[in-house]
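A.B. asks: One structure, as structure tokens, below. Some questions next.
Since every read-out is calculated from the coordinates, none of them should be taken as a lab result. It should be emphasised that the depicted structure is a prediction, and the values quoted were computed from it without experimental measurement. Here the Cβ positions follow ideal geometry from the backbone for every residue, glycine too, while neighbour counts run over all protein chains shown.
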Amino acid sequence: MKTLVWTGAARADLDGIAEYHAGTDDRIGEMLVGRIEEAAAKLARYDTGRPGRVSGTREKSVAHTAHIIVYEIHDDLLFIFRVVHTARNWP
């Protein structure tokens, strides 16, 4: 199992998701963040992502959300760089 390393940008993305939904229903934001964190934990056990749009990265769609985890694997570390909404023009 790899060690997850969340970058500051990725943590800010999670905070932004929670804040965006705070105005309507806090539970939605919490649920989405939970699903994203769960998907990242699964990636640490088994890499099921695809080659990313940015050279050297990988991407994983998060089930039942409109979000993608952007990451790289280096030895026993899985670096999560961003959590991107699919409506965004990424990269």
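A.B. asks: Residue by residue through segment 70-84, what is 3J(HN,Hα) from phi via Karplus (6.51 cos²θ - 1.76 cosθ + 1.60, θ = phi - 60°)? Round to whole Hz and write x for glycine and proline.
C.D. replies: Couplings: 9, 8, 9, 10, 10, 6, 9, 10, 10, 8, 9, 8, 8, 10, 10 Hz.
A.B. asks: Applying 1/(1 + (r/R0)^6) with R0 = 35 Å to the Cβ-Cβ distance of R27 and D47, what FRET efficiency is obtained, to the nearest 0.05?
C.D. replies: 0.70
A.B. asks: Here's a follow-up. Which value does Rg/Rh take for the chain over its C-alpha atoms, Rh per Kirkwood?
C.D. replies: My calculation puts Rg/Rh at 0.96.
A.B. asks: Also: Can you sort R27, R82, R53 so the residue with the fewest Cβ neighbours within 10 Å comes first?
C.D. replies: Listing R27, R82, R53 from fewest to most nearby Cβ atoms yields R27, R53, R82.
A.B. asks: If amide hydrogens are placed 1.01 Å from N in the peptide plane, which non-local residues have theirs closer than 5 Å to the one on W6?
C.D. replies: Result for W6 returns I80.
A.B. asks: Whose amide H sits under 5 Å from the amide H of H67, counting only residues 5 or more places off or on another chain, with H placed in the peptide plane?
C.D. replies: Correct list: V62, T86.
A.B. asks: For G52, list long-range residues whose amide hydrogen, built 1.01 Å from N in the peptide plane, is under 5 Å from its own amide hydrogen.
C.D. replies: T57, R58, E59
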